[in-house]
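Have a look at the structure below before the remarks.
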Amino acid sequence: MTPLRIRFPQGEFARLRDRLLADPGRESFALLFGQREAAGDAVVIRVIDSHFPQPADYESRSLAHLRLRREYVYDRLVAMQARGGVDTVIDVHTHPFASRGAAFSGQDDADERAFHRWLTDTLEVHYASLVLSRSDYAARGWERVGDVSHPRPARARAQTALEQWPCADEARPAQSPAAALDPETGFLARGALALGLDVLRQIVEDQRIAVIGVGGLGSALAENLVHSGFHHLHLIDHDQVETTNLNRIVGAGAEDARHHRLKVEAVRDHLLRINPAARSEAHPTTIEDPSLLPALAQCDWLLLATDTHASRFRTQELALRFGIPLISAGVNIQVAEGRITDMSGEIITARWGDRLCLNCLGRIAPTQVAAETMAELGAELARRGYVSGQTVKEPAVKTLNALLAALSVETLLNQFTGRQELPPILVYENNRLPRIFPDHESPARRPKGCFHCSW
Ligand SMILES: [Zn+2]
Ligand SMILES: [Zn+2]
């Protein structure tokens, strides 16, 4: 069974651990409220807020024991019902006596089973739990089948690998390093020298990345991902290769255009030639397709490289719904009277919990989304001059795509190494001189309390 994922907003998993483990002599407790999203077999719980009891809320506590006052739990649950927007209770407690190998005790089993029964009988809310040792965690969700409560394995996921903690239930991969990581003969031996073996191990063994759009930008992005060691990609694009794409799609050739091959298949085959051990799944469909949801829900990053407002809107919506961090890349070339007047691109990093998204940053035009979603409306809007027509052939060059694709994957790798404190928006501009600089203005100007990314 797919482990349930408990996803924390940026910074929250580390804050929770720091706060609860600050007292090394006594067990500590927190009550989290979350929102559950299910897609096929995949279940994601986004942690929405955290509550920490005051000393007086504990009935008793010691190194290997804690009991909360009943009123505290009732009051929090009443507050939860009043709050709305959450449907899951996650209880977290520490085992400060354990330096590693966090595991639920027999007492925990009995307490949680009883609490789950009570919760489902009275409030119809979902329930999950986490236990923290001093260096790892164990997690589970509770599910009721008929009249019986069953634990289901769960994983806690921070937004970034830098903030992640090991799961005590997971087989330690250290004993059997992937062949790609072999320091003498491995495909990633030289990459490991640059990024470090620990970083590459996470990239190889623990990451699923979705690339939305595998045109000129997305195909170059996917190639950079595989060269960087990512071993599990989902490629999403419904388009076919055309001769006019061949100036920029990495992995596509004249034969692909002649046979109208799907872009995702041409790119997947290219990635497999580079690293046959990497798993690249081709999804010849649009991001709107609900059949993608189970795969997307389990991704660790969404990399967005499409050029329609509708697909960008939908991808951002999914990122927020499942609590997945997003990197969005885009390019722009403007030509007037035969001369390039602008050649630029930008990379936006929007992790869940950063409280910024493509909507409040002004990167999605609602009229364009409407026009692209509804063909008839689009024609009407175009007629009235609100949006440009749909069949405009945009200028495109490989060099700009290659630069932005590399910069996007650099930005992603930074989320593993922490080498640079990158701003949410990085701009590449190739006008008077090529230069890369942060855009501090757009985040500062964005309206606060965005409907999409604030809660
Ligand atoms: Zn316990
Ligand atoms: Zn927003």
For the stretch 144-172, pairs from a residue that is surrounded by 14 or more Cβ atoms within 10 Å (Cβ to Cβ) to a residue that is of a type in the set (S, T, N, Q), with Cβ under 6 Å and 6 or more apart or across chains, are Arg144/Thr120; Ala158/Gln164; Gln159/Gln10; Thr160/Gln415; Ala161/Gln202
Going through the stretch 48-70 one residue at a time, which ones are out of contact with any His (no Cβ under 8 Å at 6 or more places or on another chain), aliphatic (A, V, I, L, M), surrounded by 13 or more Cβ atoms within 10 Å (Cβ to Cβ) and without any contact (Cβ under 8 Å) to a residue 60 or more places away in the chain? Leu63, Leu68
For Arg76, are the conditions met, namely being among the charged types (D, E, K, R), away from ligand 1 (no atom under 16 Å from the Cβ) and in contact (Cβ under 8 Å) with a residue 40 or more places away in the chain? yes
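Per-residue answers, yes or no, for (1) in the same structural domain as Lys398 (by TED's automatic domain parsing); (2) surrounded by 15 or more Cβ atoms within 10 Å (Cβ to Cβ); (3) modelled with pLDDT of 95 or more; (4) not in a strand (DSSP E or B):
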position: Asn224; (1), (2), (3), (4): yes, yes, yes, yes
position: Leu233; (1), (2), (3), (4): yes, yes, yes, no
position: His238; (1), (2), (3), (4): yes, yes, yes, yes
position: Asn247; (1), (2), (3), (4): yes, no, no, yes
position: Asp256; (1), (2), (3), (4): yes, yes, yes, yes
position: Glu265; (1), (2), (3), (4): yes, yes, yes, yes
position: His270; (1), (2), (3), (4): yes, yes, yes, yes
position: Ser280; (1), (2), (3), (4): yes, yes, yes, no
Criterion (away from ligand 1 (no atom under 16 Å from the Cβ) and surrounded by 21 or more Cβ atoms within 10 Å (Cβ to Cβ)) met by exactly one of Gly186, Gly196, Gly141: Gly141
Failed item, numbered, when Arg248 is tested on (1) at positive phi; (2) touching a Gly at 6+ places or on another chain (Cβ under 8 Å): (1)
If you go through the stretch 69-80 one residue at a time, do you hit one that is part of a loop (DSSP other than H, G, I, E, B) and either farther than 28 Å from Glu163 by Cα or not assigned by TED's automatic domain parsing to the domain that holds Glu12 (or both)? yes
Quick one: His260 ticks every box in (1) crowded, with 19+ Cβ neighbours inside 10 Å; (2) on the phi > 0 side of the Ramachandran plot; (3) away from ligand 2 (no atom under 16 Å from the Cβ) except a single one, so which number is it? (1)
Note: among Ile209, Ile236, Ile287, just one is touching a residue at least 24 places away in the same chain (Cβ under 8 Å), among the hydrophobic types (A, V, I, L, M, F, W, C), closer than 24 Å to Ile348 by Cα and in contact with a Cys (Cβ under 9 Å, 6 or more places away or on another chain), namely Ile209
When you check His116 against the structure, is it more than 16 Å from ligand 2 (Cβ to nearest atom) and either without any contact (Cβ under 8 Å) to a residue 24 or more places away in the chain or not in a helix (DSSP H, G or I) (or both), yes or no? no
Between a residue in the stretch 79-94 that is within 16 Å of ligand 1 (Cβ to nearest atom) and any residue that is among the hydrophobic types (A, V, I, L, M, F, W, C) and part of a loop (DSSP other than H, G, I, E, B), which pairs come within a Cβ distance under 6 Å, given they are 6 or more apart or on different chains? Thr94/Leu21
Please pick out the residue among Val409, Val369 that is outside the structural domain of Arg312 (by TED's automatic domain parsing) and within 26 Å of Pro294 (Cα to Cα). Val369
For the stretch 26-46, how many residues meet the condition of being in contact with a strand residue (DSSP E or B) (Cβ under 6 Å, 6 or more places away or on another chain), within 30 Å of Leu292 (Cα to Cα), touching a residue at least 60 places away in the same chain (Cβ under 8 Å) and not basic (Lys, Arg)? 6
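Tell me, which residue of the stretch 203-222 that is buried (at least 20 other Cβ atoms within 10 Å of the Cβ) and assigned to a loop (DSSP other than H, G, I, E, B) is farthest from the chain's Cα centre (by Cα)?
Within the stretch 203-222, the subset buried (at least 20 other Cβ atoms within 10 Å of the Cβ) is 203-204, 209-222.
Now restrict to residues that are assigned to a loop (DSSP other than H, G, I, E, B): 213-215.
Details: Gly213: 16, Val214: 18, Gly215: 21 Å.
Only one residue fits best here, namely Gly215.
Rundown of residues vs (1) away from ligand 2 (no atom under 16 Å from the Cβ); (2) touching a Phe, Trp or Tyr at 6+ places or on another chain (Cβ under 9 Å); (3) not small (Gly, Ala, Ser), yes/no style:
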position: Ser408; (1), (2), (3): yes, no, no
position: Thr411; (1), (2), (3): yes, no, yes
position: Glu421; (1), (2), (3): yes, no, yes
position: Ile425; (1), (2), (3): no, no, yes
position: Arg435; (1), (2), (3): yes, yes, yes
position: Ser442; (1), (2), (3): no, no, no
position: Phe451; (1), (2), (3): no, no, yes
position: Ser454; (1), (2), (3): no, no, no
Contact list, first residue from the stretch 129-143 and without any contact (Cβ under 8 Å) to a residue 12 or more places away in the chain, second anywhere and away from ligand 2 (no atom under 16 Å from the Cβ), beta-carbon distance below 7 Å, six or more apart or interchain, is Glu143/His150; Glu143/Arg152
Give the stretch 83-110 a look and list any residue that's assigned to a loop (DSSP other than H, G, I, E, B), under 15 Å from Ala64 (Cα atoms) and either in contact with a helix residue (DSSP H, G or I) (Cβ under 7 Å, 6 or more places away or on another chain) or of a type in the set (D, E, K, R) (or both), or say none. Arg100
Among the residues listed as Ala102, Ala138, Ala189, Ala168, the single one being under 19 Å from Phe230 (Cα atoms) and in contact with an Asp or Glu (Cβ under 8 Å, 6 or more places away or on another chain): Ala189
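The values are calculated or read from the model by the stated rules, or taken from the named source; none is laboratory data. The model shown is predicted, which means the values in this text are computed figures rather than measured ones. Quick reminder, even Gly has a Cβ in these numbers, built from the backbone with ideal geometry, and neighbours come from all protein chains shown.
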